[in-house]
Amino acid sequence: MKITGFTFIRNAILYDYPIVEAIRSILPLCDEVVVAVGQSEDATLELVRSIAPEKVRVIETIWDDSLREGGHVLALETDKAFDAISENTDWCIYIQGDEVLHEQDYPAIRTAMQQHLADDRVEGLLFKYRHFYGSYSYIGDSRNWYRHEVRIVRKDARIRSYKDAQGFRKAGQKLRVAAIDAHVHHYGWVKHPQQQQLKQRNFNKLWHDDAWMETNIPALTDFDYSKIDSLRPFTGTHPKVMQPRIERMNWGFAFDPTKQSLSMKERFSRWLEARTGYRIGEYRNYELVK
């Protein structure tokens, strides 16, 4: 069973992406990791090339900055990395530049890939998500955060990254996937407030034109983390590869979980989900294989 990881990145240093941690978190599971590195304004290319050169293969790309609708350029960059994977690969592990796997989940991930290898019904594997916000101590727990996404797919040219690269489709159809008991730790909302604000201005350009940006993204120095509806304390452990970054955290963030800003609809949805596991209106870009 051959396993290849893949990802894309640009300006990782400028916008403080934990790309080193992301790649290192999948390396123990992979025979090779393909990284599409976009032309950057910093030393991202050199940084990625310094990560386990014996296993990490870099392809250099140029982003189409004229694509400013729906984050589609992210999907195109994902596909560039995916297309560079060797054809004899069985499973492809996708990780984004702000996502990290926990080493405690490696056994479950390996078992799932082996278990479903010969089952042609299963085209991908579905992970659970933990979305950290403000600091490494809080997790977003409202309906604004997606609970699951596909992060392992078969090597099949018909599989393409979908919309803004959140998931995948095969020949335009939802993937048939099996759920596994493993989490992706998403750290995209944990940065110094200055870098978070810088990232927001740059990232939103992939979805919107300049007029929208001027109206909706304030020209602030620091990102305002206080405008969040609901968080809960994180009581688990972080991946080992994240520990040095966590120890370097140099800003403060505090949140009172008892002071939530939730609509009645959101409160009812949370009540229902707590009792049944069902989330009203949940977006699912996949079909679960029973």
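All of the numbers you see were taken from the coordinates with simple rules; none came from a lab. Predicted model, so just to flag it, every value in this text is computed and none were measured. In this analysis, Cβ positions are derived from the backbone assuming ideal geometry, glycine residues included, and neighbour counts consider all displayed protein chains.
General remarks:
- Summarised as an ellipsoid, region 1-159 has semi-axes of 23, 20, 17 Å, derived from the eigenvalues of the Cα gyration tensor scaled by 5 and square-rooted, with the largest first.
- Lysine pairs with alpha-carbon atoms under 26 Å apart, region 178-290, spacing 8 or more or separate chains: 10
- DSSP-defined beta bridges in region 1-280 - what % are antiparallel, rounded to 5: 45
- Translational diffusion coefficient (Stokes-Einstein; Kirkwood radius from C-alpha pairs) of region 78-236 at 25 °C, 0.890 mPa s, in µm²/s: 139
- Comparing mean-square fluctuations of 213, 242, 264 from a GNM of the chain with C-alpha springs under 10 Å, the top value falls on 264.
- The distance linking region 57-119 with region 227-270 is 27 Å (Cα centroid to Cα centroid, whole angstrom).
- With the Kirkwood sum run over all distinct C-alpha pairs, region 1-67 has a hydrodynamic radius of 12.2 Å.
- For a paramagnetic label modelled on residue 121 (point 7 Å from Cα along Cα→Cβ), amide N atoms under 20 Å away belong, within region 142-156, to 150-155.
- Highest mean packing comes first when the peptides 125-136, 110-121 are listed by Cβ atoms within 10 Å, giving 125-136, 110-121.
- Highest mobility in the GNM of the chain, judged by mean-square fluctuation with C-alpha springs under 10 Å and restricted to 165, 84, 274, is found for 274.
- When Rg and Dmax are taken over the Cα atoms of region 63-138, they come to 15.9, 43 Å.
- Here residue 128 and residue 209 are evaluated by their C-beta separation; at R0 = 35 Å the FRET efficiency comes out at 0.50.
- With contacts taken as Cα pairs under 8 Å and at least 6 residues apart, region 17-69 reaches a relative contact order of 40 percent.
- Rounded to the nearest Hz, the phi-derived 3J(HN,Hα) couplings of region 84-98 under the Karplus curve 6.51 cos²θ - 1.76 cosθ + 1.60 (θ = phi - 60°) are 7, 6, 4, 5, 8, 6, 8, 10, 10, 9, 9, 9, 8, x, 10, where x marks glycine and proline.
- Stokes-Einstein diffusion for region 166-282, with the hydrodynamic radius set to the Kirkwood value over Cα pairs and evaluated at 25 °C in a medium of 0.890 mPa s, equals 134 µm²/s.
- Kirkwood Rh in Å, taken over the chain so that all alpha-carbon pairs contribute: 20.0
- Point-charge dipole on Cβ atoms (K/R +1, D/E -1) for region 1-280, about Cα centre, debye to 20: 1020
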